[in-house]
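Input: a single structure, listed below in structure tokens.
The values are calculated or read from the model by the stated rules, or taken from the named source; none is laboratory data. What you are looking at is a predicted structure, and each value in this text was computed from that prediction instead of being measured. Glycine gets a Cβ as well: all are built from the backbone with ideal geometry, and neighbour counts include every protein chain shown.
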Amino acid sequence: MAKIKSSEQAPKPGDSVRLETSEKPIEGTLMQSPEKGIVIVKLDNGYNVGVEEGRIKKVEILFLASLSPKTANNRLGIIINN
């Protein structure tokens, strides 16, 4: 996964994220991964996608799990570059 500086907030399971990979962006809810080195995202259509951490170029936290994504003011837009 993209390196996170100590001053930046790391995404946690339940957070809404956008992952930028070399193939295409993936947007959904970050899930707990049972496998080290794999990031799992639940898509809006209900499917889960696993992405190797090394393929992730950028992570954007869209909403924190504790905040409602229905409120536009909760959009964070925190970007973590690789």
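Computed quantities for the displayed model
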{"item": "Among residues of the stretch 28-51, those that are among the charged types (D, E, K, R) and modelled with pLDDT of 95 or more, counted", "result": "1"}
{"item": "Some residue of the stretch 57-75 being touching a strand residue (DSSP E or B) at 6+ places or on another chain (Cβ under 8 Å), at pLDDT below 95, of a type in the set (Val, Ile, Thr) and over 16 Å from Gly14 (Cα atoms)", "result": "no"}
{"item": "Selection status of Ile79, at pLDDT below 90 and of a type in the set (A, V, I, L, M)", "result": "yes"}
